[in-house]
Amino acid sequence: MSVPPEKTDRELLRRYHERGDLEARERLIEQYLPLVRSLARRYSYRGEQHEDLVQVGCIGLIKAIDRFDIERGVELTTYATPNIIGEIKRHFRDKGWSVRVPRGLQELNVRLSHLLEQLTVQLERSPTIAELAKAADVEEEEVLEALESGQAYATLSLSAPSGGGDESSDLDPLESLGEIEHEYEVSEDRAVLAPGLATLDERERRILHLRFFEGLTQSQIAQQVGISQMHVSRLIRRSLEKLREEIATEQPLNRRAS
Amino acid sequence: MNEHAITLSIPPEKRFHGVARLVVGGLAARLDLSYEHLEDLQLALASVLERDGYLTGPHVTVRLSVNPESVGMVIGPLDSELRSELESEEGDSISLRRLLSTLVETVAVEAGEGGDWLTLDKRVPLKSPAER
């Protein structure tokens, strides 16, 4: 007769937590490795090795095993899953920021993003640097530095396919993405046909279209798309960078052809 | 020389672009410009600086000036290709011309020392020095 896995888990957890049995801990790690692999696969980003994410996820699993409270009556799977995902997200966040950007500035950037939203609504216009500084209780120069640090923020790609489908939005460490309004008919947007634009995803094309063809401001776009102004700013910059790269790649070929 | 002018000369390398952006930011803060106006100015500047092919000299100069109702930005020297790109038909692409004309009110190119110089002018609500 086979023993239900949860019973085995509980027994192993008890052996580890009550008697310090490291072999039991090893067995738990091995047992839950498929869960780590499966979660890592969902977050396998372009340029990010699956095995690297498995390693990162394992740290989350080990933390979950070590911190697990056997008296709480929850399953280890339930407790470990958010720990593993949390560790993977932290990895993306830490890797996404330039190593030269101090954490304090990263945090101020996140705070400013929220304050920008609040003040825009409150003042019914875009706030000034002084107003942002006052709201954040910092000097104007710190605001500028934090905004600049946002430029150094380079996630692997917010728009890159995550391989897992619907959870890519969770990977923006700064904020959650809003839902994309799918009623927007990209196929009707002639700009899509322009050179280079094919390299952008639907949301990037939409944002560029709204900004440079419709003339909407960042805050208006933020409202329409359902994401923050700072996120709109980052997406515009990233999309333009992608276009520049694409054009730079195409140009030598065109010159050769002509 | 304009009473309120800042001139910055940087090597034409990406790692120095942030310095130029910070100078624009500093000026915008002094002038009490909105976040959106600052973003427009910084993006216009970045759009030119980041096209490596335009930067021809050993340094690129960015001259910022405060006018009664606008902030001016002169960037140069730049390759003549910039002029032809700005004069080309717009079409459906996000050309430099479309980009700059969305971000600022005036876009002009003039021949100057070492090549072409791009002049951008963005209309902004400016408070009088006494109000700032």
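The values are calculated or read from the model by the stated rules, or taken from the named source; none is laboratory data. Worth saying up front: this structure is predicted, and the values here are computed from it rather than measured. Ideal geometry is used to build each Cβ from the backbone, glycine not excepted, and the neighbour counts take in all protein chains shown.
Within the stretch B:4-26, does at least one residue satisfy the condition of being assigned to a strand (DSSP E or B), at pLDDT 90 or above and either in contact with a His (Cβ under 6 Å, 6 or more places away or on another chain) or on the phi > 0 side of the Ramachandran plot (or both)?
For the stretch B:4-26, residues assigned to a strand (DSSP E or B), at pLDDT 90 or above and either in contact with a His (Cβ under 6 Å, 6 or more places away or on another chain) or on the phi > 0 side of the Ramachandran plot (or both): present.
Have a look at B:74, B:104 and point out the one that is more than 14 Å from every other protein chain (Cβ to nearest Cβ) and at pLDDT 90 or above.
After applying the criteria, what remains is B:74.
Here is a list of conditions, (1) at pLDDT below 90; (2) surrounded by 19 or more Cβ atoms within 10 Å (Cβ to Cβ); (3) away from chain A (no Cβ under 11 Å), and residue B:83 meets all of them except one; can you say which number that is?
(2)
Of the residues that make up the stretch B:36-57, is at least one of a type outside the set (Gly, Ala, Ser), surrounded by fewer than 14 Cβ atoms within 10 Å (Cβ to Cβ) and outside any loop (DSSP other than H, G, I, E, B)?
Scanning the stretch B:36-57 turns up at least one residue that is of a type outside the set (Gly, Ala, Ser), surrounded by fewer than 14 Cβ atoms within 10 Å (Cβ to Cβ) and outside any loop (DSSP other than H, G, I, E, B).
Residues that are at pLDDT below 90: find the helices (runs of 4 or more DSSP H) completely inside the stretch A:45-159 holding 2 or more of those.
A:50-67, A:76-96, A:103-123, A:140-152
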